[in-house]
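Below: one structure, written as structure tokens.
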Amino acid sequence: MNLVWIDVLVVFTIYWITITILKGKLESRNVSVIGPILLVRTKRGLNLLDALAKNKRFWRFFGNLGISLVLFGMFYMIFLILIMDYVMITSPPKPSPMTSPRNILLIPGLNQFIPFVWGLIGLIVTLIVHEFSHAILSRVEDVKVKSLGVVFALIPIGGFAEPDEKELLKKERKSRMRIYSAGIMANFLIALVSFSVFFLLLGFLKPHVIVLKSFNDLFDEGDAILSINGFDVEDAKDVLNAIDSKVDFVVRKKNGEIISFEIEDPKMGVYVLEILKGTPAESVGLKEGSVILSINDIETPNTEVFRDIMLRTKPNEVVNLKVLEDGEIKTYKVTLSEKDGHGFLGVLIGGDYLGGAVIGYSKNIIKSLTNIPKGIHGLFYLTAMPFYFRSFDGITNYFTPKGIFKNLGDVVFYLLNTFYWVAWLNFYVGLFNCLPAIPLDGGRFLNDLLMYFMNERFVNAITKSLALFVFLSILMSIIVPNMNL
């Protein structure tokens with residue numbers, strides 16, 4: 001644990017001890033103390049709720065649409081849990097950041113995939129939107145809202161509304177279902193708007209060729225190659241078209257400094273990141289860190305060309321490789337094995353090689369964020385987004401703002417990070433609340449829905465069983481990968 005987290009832990013412990021000591025005084029002032037959580041209530045803003053709830057036709061339409069989305073979200077989340085259970089039972093994953101208990105919780109900073117600042121902004125927006133939507137629908141259905149409030153855990157982490165439970169239970173079932181679904185519907189709506197803004201803002205980024213690894217003193221990791229021989233370069237095709245026997249580079253360092261230099265006859269190829277065991281590449285002694293320059297005298301200046309050549313090879317075909325290895329050019333004769341009907345060499349490519357540097361393309365980051373698959377795969381993609389993209393922090397040099405953001409420094413990156421996390425946290429919290437497990441909205445919603453078809457005894461048995469199933473499934477997803485079996 002680093003010193004920052006030790007300081008945070010000490011401060012949080014002092015805060016917790018302090019509010020525990022002052023619990024009596026705080027509760028006398030309408031502040032509830034639940035462990036380290038403070039619920040600060042107020043009646044201010046209740047008149048605003050009544051004003052917002054005046055258009056009852058709109059809000060009932062909003063709630064009815066929410067009912068449909070909750071049903072869809074419920075089936076989707078049950079489907080995900082069943083898949084998760086199947087994986088845990090049949091092929092338990094190894095311990096990793098994805099399976100770490102700390103990353104089950106949506107706590108910014110504690111969860112390794114959720115950055116503290118942007119995650120906190122997103123979480124606050126998510127919780128406030130969710131709770132106040134419940135409050136507005138409560139007033140639409142003439143249910144008294146006793147108070148509004150802010151949730152503190154050392155810092156504000158959200159808001160809440162407190163409907164009168166007795167009045168709520170007296171309302172007809174469909175009214176209650178609209179109230180339960182309102183928070184989820186609002187989360188999905190904010191997610192839709194925020195994702196739309198996020199994808200729009202991506203259009204204001206000019207991508208560059210990026211240095212991933214350097215083998216000389218000219219390049220540094222994280223450099224952005226702005227131009228080659230006077231041509232702007234964004235992808236492998238641009239690089240190939242700009243290259244000549246003598247190459248002038250214009251490079252932007254991570255500190256913003258722009259430099260230029262010349263390299264004569266720069267070598268181009270594909271960088272071998274890893275040699276797979278038991279493959280032809282291993283058998284002939286090909287080394288990790290080498291660069292494949294050509295196959296059968298056909299140059300391989302980038303990964304795309306290398307892949308196209310390999311797809312044209314056949315199993316058991318003998319190929320001649322020209323390789324840059326430890327500063328020397330060597331040749332290898334390799335008999336390919338078979339994979340998917342094609343020749344197979346057995347190397348993992350780590351990027352394109354150019355003039356002493358392994359390069360990548362920030363254009364691929366934008367493509368990976370915008371090429372959302374269709375159908376159920378698109379939902380899987382959105383659900384898992386933070387596992388492969390967290391924020392633009394640390395990679396702002398990979399892009400140059402353009403258009404209206406051209407002269408505004410890092411403003412576009414701040415906006416992108418904010419809208420990304422507001423979008424994803426609203427989307428995920430909305431989905432999580434669809435789970436049919438009381439006390440989640442989905443559980444209370446399902447309870448009222450089933451009462452249309454069954455008596456209370458059967459409904460209670462079903463909802464309790466589903467809540468237990470969800471709880472045990474989440475528990476299994478935490479315990480099984482970390483048992484080190």
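Of the residues contained in the stretch 141-150, none is found to be buried (at least 21 other Cβ atoms within 10 Å of the Cβ), in a helix (DSSP H, G or I) and touching a Gly at 6+ places or on another chain (Cβ under 8 Å). Exactly one residue out of Gly285, Gly222 is outside any strand (DSSP E or B), within 24 Å of Ser362 (Cβ to Cβ) and open to solvent by less than 40 Å² (accessible area, probe 1.4 Å): that is Gly222. Among what's in the stretch 204-218 and is out of contact with any helix residue (DSSP H, G or I) (no Cβ under 8 Å at 6 or more places or on another chain) and in contact (Cβ under 8 Å) with a residue 12 or more places away in the chain, pick the residue that is least open to solvent (accessible area, probe 1.4 Å). Here the residue is Val211.
Among the residues of the stretch 399-422, is any more than 19 Å from Met185 (Cβ to Cβ), assigned to a loop (DSSP other than H, G, I, E, B), free of Cβ contacts under 8 Å to residues at least 40 places away in the same chain and among the acidic types (Asp, Glu)? Don't jump to the end; show me each part of the working.
Restricting attention to the stretch 399-422, the residues satisfying the condition of being more than 19 Å from Met185 (Cβ to Cβ) are 399-421.
Checking the rest, the ones that are also assigned to a loop (DSSP other than H, G, I, E, B) come to 402, 406-410.
Okay, now just the ones that are also free of Cβ contacts under 8 Å to residues at least 40 places away in the same chain, so 406-410.
Then drop every residue that is not among the acidic types (Asp, Glu), which leaves 410.
Yes, the stretch 399-422 contains a residue that is more than 19 Å from Met185 (Cβ to Cβ), assigned to a loop (DSSP other than H, G, I, E, B), free of Cβ contacts under 8 Å to residues at least 40 places away in the same chain and among the acidic types (Asp, Glu).
Looking across Phe198, Phe249, one residue alone is part of a helix (DSSP H, G or I), in contact (Cβ under 8 Å) with a residue 40 or more places away in the chain and farther than 15 Å from Phe399 by Cα. It is Phe198.
Do we have Lys363 as among the charged types (D, E, K, R) and under 28 Å from Val239 (Cα atoms) here?
Values: among the charged types (D, E, K, R): yes; under 28 Å from Val239 (Cα atoms): yes.
Answer is yes for this residue.
Checking Phe72, Phe160 one by one, the residue that is modelled with pLDDT of 85 or more, under 20 Å from Gly183 (Cα atoms) and over 21 Å from the mean Cα position of the chain (by Cα) is Phe72 and no other. Restricting attention to the stretch 253-268, does a residue exist that is more than 24 Å from His342 (Cβ to Cβ), open to solvent by less than 40 Å² (accessible area, probe 1.4 Å), in contact (Cβ under 8 Å) with a residue 24 or more places away in the chain and within 35 Å of the chain's Cα centre (by Cα)? Yes, the stretch 253-268 has at least one match.
Within the stretch 450-483, can you find the residues that are without any contact (Cβ under 8 Å) to a residue 24 or more places away in the chain and open to solvent by less than 30 Å² (accessible area, probe 1.4 Å)? Residues satisfying the conditions are Leu450, Val459.
Would you confirm, using the coordinates I've provided, whether Arg444 is charged (D, E, K, R) and buried (at least 20 other Cβ atoms within 10 Å of the Cβ)? Walk me through how you get there before you give the answer.
Values: charged (D, E, K, R): yes; buried (at least 20 other Cβ atoms within 10 Å of the Cβ): yes.
Yes, satisfied.
Limited to the stretch 305-329, what total is found for residues that are of a type in the set (A, V, I, L, M) and open to solvent by 60 Å² or more (accessible area, probe 1.4 Å)? The number of residues fulfilling the criteria is 3.
Only one residue in Phe392, Phe445, Phe413, Phe427 is under 30 Å from Ile78 (Cβ atoms), under 25 Å from the mean Cα position of the chain (by Cα) and hydrophobic (A, V, I, L, M, F, W, C), so which one is that? Answer to the selection: Phe427.
Restricting the search to the stretch 174-200, which residues are aliphatic (A, V, I, L, M) and surrounded by 18 or more Cβ atoms within 10 Å (Cβ to Cβ)? Outline the logic, then answer.
Here is the first cut: in the stretch 174-200, the ones aliphatic (A, V, I, L, M) are 177, 179, 182, 184-186, 189-193, 197, 200.
Within the stretch 174-200, Met177, Ile179, Ala182, Ile184, Met185, Ala186, Leu189, Ile190, Ala191 qualify.
Among the strands (runs of 3 or more DSSP E) confined to the stretch 330-392, the ones with at least 1 residues that are open to solvent by less than 30 Å² (accessible area, probe 1.4 Å) and touching a helix residue (DSSP H, G or I) at 6+ places or on another chain (Cβ under 6 Å) are located at 347-354.
The values are calculated or read from the model by the stated rules, or taken from the named source; none is laboratory data. The structure displayed is predicted, hence computed values, not measured ones. Note that each Cβ is placed from the backbone with ideal geometry, even for glycine, and that neighbours are counted across all protein chains shown. Surface areas here come from the heavy atoms of the whole protein model, side chains and all, with no ligands, DNA or RNA. Shrake-Rupley method; radii C 1.70, N 1.55, O 1.52, S 1.80 Å.
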